[in-house]
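Student: Could you have a look at this structure, given as structure tokens, before my questions?
The values are calculated or read from the model by the stated rules, or taken from the named source; none is laboratory data. Note that the structure is predicted; figures quoted are calculated from it, not measured. Positions of Cβ are backbone-derived with ideal geometry, glycine not excepted, and every protein chain shown enters the neighbour counts. Side chains are part of the model used for accessible areas, which takes the heavy atoms of the whole protein and leaves out ligands, DNA and RNA. Shrake-Rupley method; radii C 1.70, N 1.55, O 1.52, S 1.80 Å.
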Amino acid sequence: MKSDQRRWDKRFGEKEFALGKEPNPFLKKHIHLLPRGKALDIATGEGRNAVFLAQHGFEVDAVDISEKGLRKARQLAQEKGVKINTLAVDLDQFQIEKGRYDLIANFYFLKRRLIPRIKKGLKKGGWVIFETYILDHREVGTGGPKQAKYFLKPNELIRSFKNFRILFYREGIFKEGGRKKAVASLIAEKI
Ligand SMILES: C[S@@+](CC[C@H](N)C(=O)[O-])C[C@H]1O[C@@H](n2cnc3c(N)ncnc32)[C@H](O)[C@@H]1O
């Protein structure tokens, strides 16, 4: 078993939802704008965002390395009366089918090598919604990863999608869900 899986299975092994059942606030705020259809939630964890997308009419594939997380994601889907398609995958290896998705969501997971695969996996006119920590989080926020490689550098996210139409971008320190966090958030369209 890979160390990532062991670590996250341990975190998700409790009865409580470690990351909560509520969707990410940035996703919640923009849900009405997102193009409906097939969605992929990358590193879905316990499924808070995947289930929210399914509640809003998306057909959702939810992928993660943690079987324990995926089990809770299915439980949450059942609680909310929706269906999601969960897949246990290692995102170091996983190939996203070309042109399959209308929406790809990536929350609090940074694997730079995945970005070209996200782009290929979207249909033309498909959207990506992405949010994760920037380096400043280490000074201002609580929680989050330890290693510097898991944080975005200044303007890194917007630059990574420069061949997309940028529909929304923010980067900085925000107070959301009762906590301070330093993040970059992006919504962009494949053109
Ligand atoms: C901080 S959590 C984010 C979960 C979810 N996106 C959310 O916002 O609630 C990071 C997730 O990445 C997953 N993960 C870590 N390494 C992975 C890998 N190599 N392949 C697939 N998933 C991985 C973990 O299991 C965990 O669910």
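Student: Projected onto the charge dipole of the chain (+1 at Lys/Arg Cβ, -1 at Asp/Glu Cβ, origin at the Cα centre), which of Gly177, Asn49, Ile96 gives the Cα projection farthest towards the positive end?
Tutor: Ile96
Student: Of Glu67, Glu46, Glu14, which is the most mobile in a GNM of the chain whose springs link Cα atoms less than 10 angstrom apart?
Tutor: In this elastic network of the chain, the residue with the biggest mean-square fluctuation among Glu67, Glu46, Glu14 is Glu14.
Student: Also: Can you list the HN-Hα couplings for the stretch 170-179, worked out from phi with the Karplus curve (6.51, -1.76, 1.60; θ = phi - 60°), rounded to whole Hz and with x for Gly and Pro?
Tutor: So the Karplus estimates, Gly and Pro as x, are 8, 8, x, 9, 10, 10, 9, x, x, 9 Hz.
Student: Quick one: putting +1 on the C-beta of Lys and Arg, -1 on the C-beta of Asp and Glu, what dipole do you get for the stretch 1-96 around its Cα centre, in Debye to the nearest 20?
Tutor: That gives the stretch 1-96 a dipole magnitude of about 260 debye.
Student: In the chain, if the dipole is taken from +1 on Lys/Arg beta carbons and -1 on Asp/Glu beta carbons about the Cα centre, which of Ala148, His137, Phe161 is farthest to the positive end?
Tutor: Phe161
Student: What value does the stretch 87-130 have for Rg/Rh, both radii from Cα atoms and Rh as Kirkwood defines it?
Tutor: The Rg/Rh ratio comes out at 0.93.
Student: Under a 10 Å cutoff between Cα atoms, tell me which one of Asn85, Asn155, Asn49 has the largest fluctuation in the Gaussian network model of the chain.
Tutor: Of Asn85, Asn155, Asn49, the most mobile in the Gaussian network model is Asn155.
Student: How big is the Rg/Rh ratio for the chain, C-alpha atoms only, Rh by Kirkwood, two decimals?
Tutor: Working: Rg = 15.5 Å, Rh = 16.7 Å.
Rounded to two decimals, Rg/Rh equals 0.93.
Student: Quick one: with all protein chains in place, what share of the accessible area of the chain is carbon or sulfur, to the nearest percent (1.4 Å probe)?
Tutor: 50 percent
Student: In addition: Starting at the first residue of the stretch 101-111, write each ³J(HN,Hα) from the Karplus equation 6.51 cos²θ - 1.76 cosθ + 1.60 with θ = phi - 60°, in whole Hz, x for Gly and Pro.
Tutor: 10, 7, 8, 10, 10, 9, 10, 6, 8, 10, 10
Student: For Ile134, enumerate residues with amide H under 5 Å from its amide H, sequence gap 5+ or separate chain, H modeled in the peptide plane.
Tutor: Excluding prolines and chain starts, which carry no amide H, the hits are Leu152, Ala182, Val183, Ala184.
Student: Please list 3J(HN,Hα) in residue order for the stretch 48-55, calculated via the Karplus relation 6.51 cos²θ - 1.76 cosθ + 1.60 where θ = phi - 60°; whole Hz, with x for glycine and proline.
Tutor: Running phi through 6.51 cos²θ - 1.76 cosθ + 1.60 with θ = phi - 60° gives 4, 7, 4, 5, 4, 5, 4, 5 Hz.
Student: Sticking with this structure for a sec: With a bin width of 10 angstrom, please list the P(r) values of the stretch 88-191 as percents of all Cα-Cα pairs, from the 0 bin to the one holding the largest distance.
Tutor: 15, 46, 31, 9
Student: A follow-up question, please. Dimensions of the stretch 16-94 along principal axes (Cα, Å, largest first)?
Tutor: Largest to smallest, the principal-axis extents are 30, 29, 21 Å.
Student: Calculate the dipole size of the chain relative to its Cα centre from +1 charges on Lys and Arg beta carbons and -1 charges on Asp and Glu beta carbons; express the result in debye to the nearest 20.
Tutor: Around 360 debye, computed over the chain.
Student: Taking H placed 1.01 Å from N in the peptide plane, check which residues at least 5 places from Ala62 or on another chain put their amide H under 5 Å from its amide H.
Tutor: Amide H neighbours of Ala62, under 5 Å, 5+ apart: Asp41, Asn85, Thr86, Leu87.
Student: Net charge around Arg165, counting only other residues with Cβ within less than 9 Å of its Cβ (Lys, Arg = +1; Asp, Glu = -1)? Write out the running numbers ahead of the final one.
Tutor: Working: positive: Lys190; negative: Glu189.
Here the count lands on 0.
Student: Could you tell me the relative contact order of the stretch 113-189? Use alpha-carbon pairs under 8 Å, at least six residues apart, and round to a whole percent.
Tutor: Value for the stretch 113-189: 40 percent.
Student: Follow-up question, since we're still on this one. Could you give the radius of gyration (one decimal) and Dmax (whole number) of the Cα atoms in the stretch 41-153, in Å?
Tutor: That works out to 14.4, 40 Å for Rg and Dmax.
Student: OK, next. Of Gly126, Gly81, Gly47, which is the most mobile in a GNM of the chain whose springs link Cα atoms less than 10 angstrom apart?
Tutor: Maximum among the listed residues: Gly81.
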